[in-house]
Amino acid sequence: MTTHDSGSAPKPPAKDPWDLPDVSGLTVGVIGGTGPQGRGLAYRLARAGQKVVIGSRAAERAEAAAAELGHGVEGAENAVCARRSDLVIVAVPWEGHAKTLEALREDLAGKIVVDCVNPLGFDKKGAFALTPEEGSAAEQAAALLPDSRVTAAFHHLSAVLLQDESVQEIDTDVLVLGEARADTDTVQALANRIPGMRGIFAGRLRNAHQVESLVANLISVNRRYKAHAGLRTTDV
Ligand SMILES: NC(=O)c1ccc[n+]([C@@H]2O[C@H](COP(=O)([O-])OP(=O)(O)OC[C@H]3O[C@@H](n4cnc5c(N)ncnc54)[C@H](OP(=O)(O)O)[C@@H]3O)[C@@H](O)[C@H]2O)c1
């Protein structure tokens with residue numbers, strides 16, 4: 001008896017993991033977009049042709065930073081930035097993470113949220129990973145934003161390199177985590193827009209803690225070698 005005769009649906013062909021959507025039409029918001037990481041990501045994405053709105057707690061700070069970045073970047077208060085965007089990167093310090101997201105719950109409903117926050121502590125021995133109650137910053141975001149599509153990415157970038165106009169390519173992979181494949185595909189495709197960057201699927205949000213924590217190791221590398229280290233995943 002053939003598969004067809006037995007009534008079971010034919011198995012769809014496996015999807016090529018590198019077959020990613022066209023994200024060039026998406027508006028990207030950056031909450032906390034006036035800091036080095038937010039500015040750097042906004043600059044790189046806008047330079048690649050993406051529409052970008054950076055957010056701040058004060059509209060005038062966002063507008064001033066946007067004017068400095070050029071490439072059509074606009075600035076707005078965080079809630080307006082969230083509402084105007086299809087996909088929103090969260091780039092605030094860990095200390096302000098929960099409070100910021102709680103306040104933006106409705107503005108972020110239905111959006112893809114990309115958390116790049118690294119919960120770290122610093123003492124005289126250097127940087128070390130903190131363990132949030134929820135497991136990771138990304139899982140905290142998912143708990144606080146039940147109506148958003150939370151992903152995690154862009155943790156291992158150097159804000160110095162991102163902001164340096166003389167740097168043509170950012171030589172790094174971007175580990176992307178999330179629960180829905182369509183959303184992680186979108187974030188991978190967004191990372192791929194930046195020359196030199198490659199988005200790699202790296203699991204579900206329950207594994208975000210290791211990815212966030214690894215930044216403490218990269219900071220040690222950077223201090224020892226006076227570098228701006230990135231990451232490459234081999235054999236993919
Ligand atoms: N720097 C890096 O190289 C790097 C790399 C990868 C990931 N990250 C992650 O990206 C995030 C941002 O890093 P950053 O270095 O850009 O941070 P930052 O400069 O300390 O903060 C970014 C922006 O967040 C806003 N902010 C400050 N305190 C806040 C609070 N308590 N509540 C809400 N908003 C607050 C400020 O904007 P307004 O005052 O204009 O609102 C500030 O310009 C961090 O979580 C970090 O772990 C950083």
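The values are calculated or read from the model by the stated rules, or taken from the named source; none is laboratory data. All of these numbers come straight from a predicted model, not from anything done at the bench. Virtual Cβ from ideal backbone geometry, glycine too; neighbours counted across all protein chains shown. Side chains are part of the model used for accessible areas, which takes the heavy atoms of the whole protein and leaves out ligands, DNA and RNA. Shrake-Rupley method; radii C 1.70, N 1.55, O 1.52, S 1.80 Å.
Can you give me the number of residues within segment 77-109 that are open to solvent by less than 20 Å² (accessible area, probe 1.4 Å) and assigned to a helix (DSSP H, G or I)?
6
Gln163 passes all but one of (1) open to solvent by 10 Å² or more (accessible area, probe 1.4 Å); (2) more than 11 Å from the ligand (Cβ to nearest atom); (3) in contact with a Phe, Trp or Tyr (Cβ under 8 Å, 6 or more places away or on another chain); which number fails?
In the conditions (1) open to solvent by 10 Å² or more (accessible area, probe 1.4 Å); (2) more than 11 Å from the ligand (Cβ to nearest atom); (3) in contact with a Phe, Trp or Tyr (Cβ under 8 Å, 6 or more places away or on another chain), Gln163 misses (2) alone.
Residue by residue, here is whether (1) assigned to a helix (DSSP H, G or I); (2) under 23 Å from Val30 (Cβ atoms) holds:
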site	(1), (2)
His156	no, yes
Leu177	no, yes
Ala182	yes, yes
Thr186	yes, yes
Asn217	yes, no
Arg232	no, no
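Filter segment 41-54 down to residues that are in a helix (DSSP H, G or I) and either out of contact with any strand residue (DSSP E or B) (no Cβ under 9 Å at 6 or more places or on another chain) or away from the ligand (no atom under 13 Å from the Cβ) (or both), then give me how many there are.
Taking segment 41-54 and keeping what is in a helix (DSSP H, G or I), we get 41-47.
Remaining after also requiring either out of contact with any strand residue (DSSP E or B) (no Cβ under 9 Å at 6 or more places or on another chain) or away from the ligand (no atom under 13 Å from the Cβ) (or both): 45-47.
The total comes to 3.
Any residue that is of a type in the set (D, E, K, R), part of a strand (DSSP E or B), open to solvent by less than 20 Å² (accessible area, probe 1.4 Å) and on the phi < 0 side of the Ramachandran plot - is there at least one of those in segment 110-123?
Yes.
Are any residues in segment 13-40 out of contact with any Asp or Glu (no Cβ under 9 Å at 6 or more places or on another chain) and near the ligand (Cβ under 9 Å from one of its atoms), and if so, which ones?
Hits for segment 13-40 are Ile31, Gly32, Gly33, Thr34, Gly35, Pro36, Gln37, Gly38.
Tell me whether segment 125-135 contains one or more residues that are more than 25 Å from Asn207 (Cα to Cα) and away from the ligand (no atom under 15 Å from the Cβ). Walk me through how you get there before you give the answer.
Going residue by residue through segment 125-135, those that are more than 25 Å from Asn207 (Cα to Cα) are 125.
Subsequent filtering for residues that are away from the ligand (no atom under 15 Å from the Cβ) retains 125.
Yes, segment 125-135 contains at least one residue that is more than 25 Å from Asn207 (Cα to Cα) and away from the ligand (no atom under 15 Å from the Cβ).
Which of (1) in a helix (DSSP H, G or I); (2) within 15 Å of the ligand (Cβ to nearest atom); (3) free of Cβ contacts under 8 Å to residues at least 24 places away in the same chain is the odd one out, the single condition Ala143 does not satisfy?
The one condition Ala143 does not meet is (2).
Residue-wise test of (1) crowded, with 24+ Cβ neighbours inside 10 Å; (2) away from the ligand (no atom under 12 Å from the Cβ); (3) free of Cβ contacts under 8 Å to residues at least 12 places away in the same chain.
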| position | (1), (2), (3) |
| --- | --- |
| Lys11 | no, yes, yes |
| Ser56 | yes, no, no |
| Gly72 | no, yes, no |
| Gly75 | yes, no, no |
